[in-house]
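Heads up, the thing below is written out as structure tokens.
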Amino acid sequence: MIDINKVRDDFPILFRKVYNKPLIYFDNAATTQKPKCVVDKIEEMYYTLNANIHRGVHYLSQQATDEHEAARVTIQKFIGAKSSNEIVFTRGTTESINLIASTYCRAFCQPDDEIIVSTMEHHSNIVPWQLQEEITGVKLRVIPINDKGELIIEEFEKLINPRTKLVSITHISNALGTINDIEEIIKIAHKNDVPVLIDAAQSVQHLPVDVQKLDCDFLVFSAHKVYGPTGIGILYGKEEWLNKLPPYHGGGEMIANVSFEKTTFNDLPYKFEAGTPDFVGSTAMAAAIDYITDIGLDNIVKYEHELLEYATEQLLKIDGLTIYGTSANKSSVVSFLVKDIHHYDMGMLLDKMGIAVRTGHHCAQPLMNRMNVDGTVRASFSFYNTKEEIDQLITGINRVVTMF
Ligand code: PMP
């Protein structure tokens with residue numbers, strides 16, 4: 001069970017006011033707030049352990065290196081990877097997908113080979129592949145969704161053909177909250193010898209994810225959505241795949257030997273980590289992961305589901321409110337519009353009441369087009385939110401409705 005008062009005490013920002021109203025933070029799908037232990041870790045690293053890692057013989061450098069590598073192991077265990085060599089630190093989900101799009105297409109794709117994504121992808125799982133359309137001539141194929149915002153699996157099966165080279169798909173939609181049946185997608189893809197990349201930006205903070213059980217080939221996520229710092233994230237890849245891919249960025253760390261005649265590259269995971277690593281970010285990320293592991297992902301799943309059900313029930317009582325994304329299997333995200341009130345107006349007026357929601361296309365314009373809207377209001381809940389805060393949201397929406 002979640003001890004809500006204790007949990008909220010860990011997040012000082014939840015006690016601040018905006019416009020002299022207590023902050024109600026419902027923009028967790030964009031970024032999560034940080035518990036004290038994460039900020040403390042950043043401070044500790046800079047105040048007591050700051051030294052460039054991997055290349056120093058001195059004590060401080062070695063200690064910082066040990067912390068950074070221990071963080072890698074924390075993340076390995078968190079997602080159930082076989083080896084810490086399979087955990088590459090990147091700047092986040094976006095960079096991880098760009099890394100795979102660039103190196104995979106370069107190594108394995110010919111013009112007219114196909115990459116499958118879905119209608120509900122975040123732009124960061126669309127645009128890197130479109131860049132590759134221009135560079136390597138691959139073509140994007142798109143799994144359609146139904147009106148509830150669920151993938152149509154039969155259509156996915158029809159899209160796979162001998163030219164299909166990779167499936168890159170989100171685990172959970174940031175805009176609708178749909179939890180996709182990625183187990184099934186991976187099974188179908190693997191039956192056809194096609195590897196699968198999972199965009200887990202919206203999932204690892206909400207439900208247990210085990211890459212070995214899933215058998216996905218790549219999985220990516222960002223620390224800042226998992227209660228960790230901004231600017232760092234993860235690329236998981238099966239060792240056999242990562243070994244086959246060429247380097248992405250060139251520079252220090254990623255080399256074995258450099259000469260003007262021939263440069264050779266470092267082993268995994270360093271082959272993909274050019275430049276000074278973000279050892280402050282990695283250790284703070286590990287602190288965040290330890291924090292949610294202590295709370296327990298099973299407890300988080302249960303509590304956030306209660307919040308989702310409560311919010312859905314209360315929202316649907318509002319006359320003229322439509323929820324976008326009505327899959328039976330959803331994470332704690334509710335996207336909605338009320339009558340013809342523009343999402344931006346709703347968001348601005350709620351903000352004046354201290355309620356932070358997101359409005360707009362949520363970096364998923366093709367999905368918005370499919371749903372025939374140009375944007376929605378999105379409330380996304382974390383385990384530090386409460387039903388009382390949801391009541392405030394409902395009161396707020398009703399007030400906005402009376403203003404129009
Ligand atoms: N994919 C999904 C599903 C997301 O929700 C996001 C962030 N909104 C991203 C990718 C991109 O993450 P980042 O901006 O941290 O790289």
Flag if V117 is touching a Ser or Thr at 6+ places or on another chain (Cβ under 6 Å), in a strand (DSSP E or B) and either of a type in the set (S, T, N, Q) or assigned by TED's automatic domain parsing to the domain that holds D217 (or both): yes
Of P111, P144, which residue is in contact with a Gly (Cβ under 7 Å, 6 or more places away or on another chain), assigned by TED's automatic domain parsing to the domain that holds D199 and surrounded by fewer than 19 Cβ atoms within 10 Å (Cβ to Cβ)? P111
Residue match in region 183-200 (condition: in contact with a strand residue (DSSP E or B) (Cβ under 9 Å, 6 or more places away or on another chain), of a type in the set (D, E, K, R) and open to solvent by less than 10 Å² (accessible area, probe 1.4 Å)): yes
Residues that are part of a loop (DSSP other than H, G, I, E, B) and surrounded by fewer than 24 Cβ atoms within 10 Å (Cβ to Cβ): does region 214-222 have at least one? yes
Which of (1) farther than 22 Å from Y236 by Cβ; (2) open to solvent by less than 60 Å² (accessible area, probe 1.4 Å); (3) basic (K, R) does K165 not meet, given it meets every other one? (1)
Return the residues of region 170-188 that are within 11 Å of the ligand (Cβ to nearest atom) and of a type in the set (D, E, K, R); say none if nothing qualifies. none
When you go through (1) within 27 Å of T283 (Cβ to Cβ); (2) free of Cβ contacts under 8 Å to residues at least 12 places away in the same chain; (3) of a type outside the set (D, E, K, R) one by one for F260, which number turns out not to apply? (1)
Output the number of residues of region 1-50 satisfying the condition of being open to solvent by 50 Å² or more (accessible area, probe 1.4 Å), more than 29 Å from D66 (Cα to Cα) and of a type in the set (V, I, T). 1
Which of the residues belonging to region 77-99 are within 16 Å of the ligand (Cβ to nearest atom), under 22 Å from T293 (Cβ atoms) and open to solvent by 40 Å² or more (accessible area, probe 1.4 Å)? none
On the basis of being under 25 Å from H249 (Cβ atoms) and within 16 Å of the ligand (Cβ to nearest atom), does G56 make the cut? no
Out of all the residues in region 261-290, which are open to solvent by 30 Å² or more (accessible area, probe 1.4 Å) and under 30 Å from Y47 (Cα atoms)? Y270, A274, T276, D278, D290
Just give me the residues in region 223-240 being open to solvent by less than 40 Å² (accessible area, probe 1.4 Å), closer than 17 Å to E273 by Cα and more than 10 Å from the ligand (Cβ to nearest atom), in sequence order. I234, L235, Y236, G237, K238
Would you call T74 under 24 Å from P208 (Cα atoms), within 16 Å of the ligand (Cβ to nearest atom) and among the polar types (S, T, N, Q)? no
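How many residues does region 117-137 contain that are of a type in the set (A, V, I, L, M), more than 16 Å from the ligand (Cβ to nearest atom) and either under 18 Å from A364 (Cβ atoms) or touching a Lys or Arg at 6+ places or on another chain (Cβ under 7 Å) (or both)?
Going through region 117-137, the residues of a type in the set (A, V, I, L, M) turn out to be 117, 120, 126-127, 131, 135.
Okay, now just the ones that are also more than 16 Å from the ligand (Cβ to nearest atom), so 135.
Still in the list and also either under 18 Å from A364 (Cβ atoms) or touching a Lys or Arg at 6+ places or on another chain (Cβ under 7 Å) (or both): none.
The total comes to 0.
Would you point out which residue out of S102, S61 is without any contact (Cβ under 8 Å) to a residue 12 or more places away in the chain, assigned to a helix (DSSP H, G or I) and open to solvent by less than 40 Å² (accessible area, probe 1.4 Å)?
Unique residue meeting the criteria: S61.
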Determine which single condition Y310 fails, assuming it passes every other condition in (1) over 25 Å from M368 (Cβ atoms); (2) of a type in the set (S, T, Y); (3) within 20 Å of the chain's Cα centre (by Cα). (3)
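The values are calculated or read from the model by the stated rules, or taken from the named source; none is laboratory data. Note that the structure is predicted; figures quoted are calculated from it, not measured. Cβ atoms come from the backbone with ideal geometry, glycine included; neighbour counts cover every protein chain shown. Ligands, DNA and RNA are excluded from the accessible area calculation, which covers all protein heavy atoms including side chains. Shrake-Rupley method; radii C 1.70, N 1.55, O 1.52, S 1.80 Å.
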